[in-house]
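Written below as structure tokens is the structure these notes are about.
The values are calculated or read from the model by the stated rules, or taken from the named source; none is laboratory data. Keep in mind it's a predicted model, so treat the numbers as computed, not measured. Every residue, glycine among them, receives a Cβ derived from its backbone with ideal geometry; neighbour counts consider all protein chains shown.
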């Protein structure tokens, strides 16, 4: 009877009260996650931003300072949103696996499908807010000066920014109207004309996400090549297997020598021309003034100090870590890249055979915790998360490998506010397109939730298959060229040497026959060790300037 009474009491609990408590719990969790991401983003931007930006100096009044602070807050918010967008799929896949293995655990009652769905919807909304409102507002706010004739101040600059932003929004919406009428002619009705929030805003985000996927297709293969280049140079460096004690001793003595010269020059002493020979050679043999010598010595001291500190850091890691660390890193890069290409090739075959549906057709079909997303279980989920993180890192590395974007690379304590805004915009575009690219490439089986699954181009078979072909082909070609570059150079060198030696043998054998027939055979050029013609010294007198130019 007691058990029945307890069941009756529990069955009389108001469902609305349960929904209210669940909503409060989700809001609290989302607020904690948002605050953590914002604090981390603000701390990161604090490391790279300039303490006193020249764009806002001199601070004639408090308006410049407030403009700088508000722009920094907008950048921090956008960077936090980009980090959250990059973590969508890892958090979702891990949550699904946890709920699958512990469905009735009391400690994870807070983790449910409603929370994950709310995170996806929130990230989608905040991404649009950051990309179309906050970052343009921050950029225009920094560039604003107030209307002509108006009193200079914060409100005047804010009014100019709002007016400019409204005009920009009107232009963008007009372009979206034209594109929508050109692409979706069946949807061109009067109801859709005023349906900005539920039709044109997702359509605009579909266009931006497609551009983000194209940017990822460009940056990720470049990131593969860049990482393999860096790690490969460190592995094949001549001093890789060498003891660094001798190099450290030489660096210490070199630093002491340059420091002694600098102290002597500052004290008014005169350095002889033997010690200053490198300076004279760099400046065309001219004698330098006192200020120029001092400047050269200070620059040389900075260079040798950086060299000595680098050797000291490498020396402090120990010989075993130096000899095993970078080879293991190279093996990890090869394994991750091979795993990525394998997943992409498998996805292409399944799409071609019709055994895998398009991302838009399976959007929102996954029930959280009902089954594991990988046949390998927890190991497969861990591999998916690592591959997703690897793709995001390579995309960032490849982004700054492009010369146009390398100019805005954030530098510690030396990044202007304009560059911060541009970098945050790029991060938002790349991170919001990352879940789409990962799903399109078939790296994860987790379905896109919320408005991410309603993006229009995800239902186009040719676009999906084309993205897979471009990504797989570009990554394979870049890696093949980079990994086999030295082998290609060596093969070409030996082939050239063989052909030159064959030509020489043919000329030697045909020489007597040609002479007997009265023909003139040109003499072959002498060959070096690597199959290249040797330089013949000129009889003309050469000057040092000419030698240096040659």
Which pairs have Cβ atoms under 6 Å, sit 6 or more apart or on different chains, and link a residue in the stretch 56-67 that is farther than 10 Å from residue 154 by Cβ to one that is modelled with pLDDT of 55 or more and surrounded by 15 or more Cβ atoms within 10 Å (Cβ to Cβ)? 56/64; 56/68
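Each row is one residue, and each column tells you yes or no for (1) touching a strand residue (DSSP E or B) at 6+ places or on another chain (Cβ under 6 Å); (2) surrounded by 14 or more Cβ atoms within 10 Å (Cβ to Cβ); (3) within 22 Å of residue 380 (Cβ to Cβ).
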residue: 91; (1), (2), (3): no, yes, yes
residue: 95; (1), (2), (3): no, yes, yes
residue: 101; (1), (2), (3): no, no, yes
residue: 110; (1), (2), (3): no, no, no
residue: 113; (1), (2), (3): no, yes, yes
residue: 116; (1), (2), (3): no, yes, yes
residue: 130; (1), (2), (3): no, yes, no
residue: 135; (1), (2), (3): no, yes, no
Kindly check whether there is at least one residue in the stretch 476-497 that is in the same structural domain as residue 330 (by TED's automatic domain parsing), in contact with a helix residue (DSSP H, G or I) (Cβ under 7 Å, 6 or more places away or on another chain), in a helix (DSSP H, G or I) and modelled with pLDDT of 80 or more. yes
Checked the stretch 396-409 for anything part of a loop (DSSP other than H, G, I, E, B) and within 12 Å of the chain's Cα centre (by Cα); matches are 400, 401, 402, 409
Regarding residue 530, is this residue surrounded by 11 or more Cβ atoms within 10 Å (Cβ to Cβ), assigned to a loop (DSSP other than H, G, I, E, B) and at pLDDT below 70? no
Please pick out the residue among 85, 138, 130, 80 that is over 20 Å from residue 433 (Cβ atoms), in a helix (DSSP H, G or I) and either touching a residue at least 12 places away in the same chain (Cβ under 8 Å) or under 32 Å from the mean Cα position of the chain (by Cα) (or both). 138
In the stretch 357-373, which residue that is surrounded by 17 or more Cβ atoms within 10 Å (Cβ to Cβ) and over 27 Å from residue 460 (Cβ atoms) is modelled with the lowest pLDDT? 369
Identify, from the list 428, 387, 393, the residue that is modelled with pLDDT of 90 or more, more than 24 Å from residue 135 (Cβ to Cβ) and assigned to a helix (DSSP H, G or I). 387
Index of the failed condition, residue 179 passing every other in (1) surrounded by 13 or more Cβ atoms within 10 Å (Cβ to Cβ); (2) in contact with a helix residue (DSSP H, G or I) (Cβ under 9 Å, 6 or more places away or on another chain); (3) closer than 22 Å to residue 418 by Cα: (3)
Restrict the check to the stretch 18-35 and report whether at least one residue is at pLDDT below 75 and surrounded by 15 or more Cβ atoms within 10 Å (Cβ to Cβ). no
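So that you can scan it fast, the table gives a plain yes or no per residue for (1) exposed (fewer than 12 other Cβ atoms within 10 Å of the Cβ); (2) outside any helix (DSSP H, G or I); (3) within 31 Å of the chain's Cα centre (by Cα); (4) at pLDDT below 80:
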| residue | (1), (2), (3), (4) |
| --- | --- |
| 243 | yes, yes, no, yes |
| 252 | no, no, no, no |
| 292 | no, no, no, yes |
| 312 | no, no, yes, yes |
Within the stretch 441-470, work out how many residues are outside any helix (DSSP H, G or I) and touching a helix residue (DSSP H, G or I) at 6+ places or on another chain (Cβ under 7 Å). 9
Return yes or no: is residue 39 in the same structural domain as residue 429 (by TED's automatic domain parsing), surrounded by 13 or more Cβ atoms within 10 Å (Cβ to Cβ), in contact with a helix residue (DSSP H, G or I) (Cβ under 9 Å, 6 or more places away or on another chain) and within 30 Å of residue 414 (Cα to Cα)? no
